[in-house]
Amino acid sequence: MSIFLPIFPFYHPGRRKNLLFCTLFFSLFASYASTCFAQSCTSKPEILVLNQTFGNGSAGPLPAGQTSYLYVTDGCPNDGQYTVAKSVSGSCYTGSWHDVPEDHTPDDNNGNMLVVNTPYAGEFYLQSVPDLCTGTTYELSIWLLNLNVIMPAGTCGFETPNDPDLLVQIETPDKAILQTLRTNPIPRTTSPVWQRFSTRFTIPDAGLEKSSAVIRIINNNSGGCGNDFLIDDIQIKQCSECDPAQLFVPDVFSPNQDGINDFFEFFYSGIVAFDLKVYDRWGSVIFASTDPAQKWDGNYQNTPCSEGVYTWSMTYEVSSFSDQPKKLTRNGQVLLMR
């Protein structure tokens, strides 16, 4: 589910151009207000793993492969073109665009934003986000502004104007879709209005500690007259904890007293407490320990255990953002060879 937050702009020298009133005009925006808090990501400390503000000061084209559109320095890009700019002039296309004197990013100096003029439906933006923790929840948010002012019906031969309608896909590197975010048509306004859209996603746990994601933005509407917009502050915020523990458990050991791999032991960091149990094929506990320094030597009651596969279960605690440690469980099997 996505978030749509109406932003009411107020331009004034020395002040930011927009203020957020999620509950203002509640009767009109009741459905929006009800989702405003449902998707909030309130992890503390706040961790931003992606903060795409498009920089500040002198700007240039996006990195190669990030967009298929043509970069231009003209502040009024044409169909199929884009630019990165600090402001947009209201004189573009005979006054059919809003005058936007600054970007959205709060408290930056000469900050930039992405100015897009889409010519047709299709993908136009791609960004990879590396080093995300598996099994962890993140929030993606993006700020958008419809550049087109309200014009009479039939302008440019369109009874219904072409407004931005974007689909944001969050994917794994092999293109499996983790989550989608649909903006639906973003309406034109009498003055420029930044709007925030967001959704949550979780990186699947595929046996790796880290993975990556891809943000793919697709335009769903036609170009020509309209469908021109600004993008700023694409962010990914971490909403749940990464597992800080580094834990490796071998799957075979050989207690033959040759000095090589004689004990079943695990290697770890970041674990504050643990409880390990090893079971035989009938489910009886043959080794138990709460001391990481205590290793299983392959014996039970001072008698060597036979070769074979033994099941183990480990409950352990790791430090967390909160005051309470996070409790985790891992299960596996180990092959005893002599």
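The values are calculated or read from the model by the stated rules, or taken from the named source; none is laboratory data. Please read all numbers here as calculations on a predicted model, not as lab measurements. All Cβ positions, even for glycine, are placed from backbone atoms using ideal geometry, and neighbour counts span all protein chains on display. The area values use the complete protein model at the heavy-atom level, side chains included, leaving out ligands, DNA and RNA. Shrake-Rupley method; radii C 1.70, N 1.55, O 1.52, S 1.80 Å.
Just checking, does region 124-134 include any residue being within 14 Å of the chain's Cα centre (by Cα), touching a residue at least 24 places away in the same chain (Cβ under 8 Å), open to solvent by 20 Å² or more (accessible area, probe 1.4 Å) and at positive phi?
Within region 124-134, one or more residues are within 14 Å of the chain's Cα centre (by Cα), touching a residue at least 24 places away in the same chain (Cβ under 8 Å), open to solvent by 20 Å² or more (accessible area, probe 1.4 Å) and at positive phi.
Has region 97-112 got any residue that is surrounded by fewer than 18 Cβ atoms within 10 Å (Cβ to Cβ), in contact (Cβ under 8 Å) with a residue 24 or more places away in the chain and hydroxyl-bearing (S, T, Y)?
No, region 97-112 contains no residue that is surrounded by fewer than 18 Cβ atoms within 10 Å (Cβ to Cβ), in contact (Cβ under 8 Å) with a residue 24 or more places away in the chain and hydroxyl-bearing (S, T, Y).
For E241, work out the one condition from (1) within 30 Å of T136 (Cα to Cα); (2) assigned to a strand (DSSP E or B) it doesn't fulfil.
Of (1) within 30 Å of T136 (Cα to Cα); (2) assigned to a strand (DSSP E or B), only one is false for E241: (2).
Only one of S284, S254, S289 is more than 37 Å from the chain's Cα centre (by Cα), within 18 Å of G332 (Cβ to Cβ) and loosely packed, with under 15 Cβ neighbours inside 10 Å; which?
On the way: S254 fails: loosely packed, with under 15 Cβ neighbours inside 10 Å; S289 fails: loosely packed, with under 15 Cβ neighbours inside 10 Å.
Being more than 37 Å from the chain's Cα centre (by Cα), within 18 Å of G332 (Cβ to Cβ) and loosely packed, with under 15 Cβ neighbours inside 10 Å holds for just one of S284, S254, S289, which is S284.
Which of the residues belonging to region 62-104 are more than 27 Å from the chain's Cα centre (by Cα) and of a type in the set (V, I, T)?
Within region 62-104, V72, T73, V88, T94, V100 meet the criteria.
Every residue, every condition in (1) among the charged types (D, E, K, R); (2) at pLDDT below 95, yes or no:
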{"position": "C76", "(1), (2)": "no, no"}
{"position": "Y93", "(1), (2)": "no, yes"}
{"position": "H98", "(1), (2)": "no, no"}
{"position": "D108", "(1), (2)": "yes, yes"}
{"position": "V115", "(1), (2)": "no, no"}
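Quick one: in region 70-89, which of the residues that are open to solvent by less than 20 Å² (accessible area, probe 1.4 Å) and part of a loop (DSSP other than H, G, I, E, B) is farthest from R188 (Cα to Cα)?
G80
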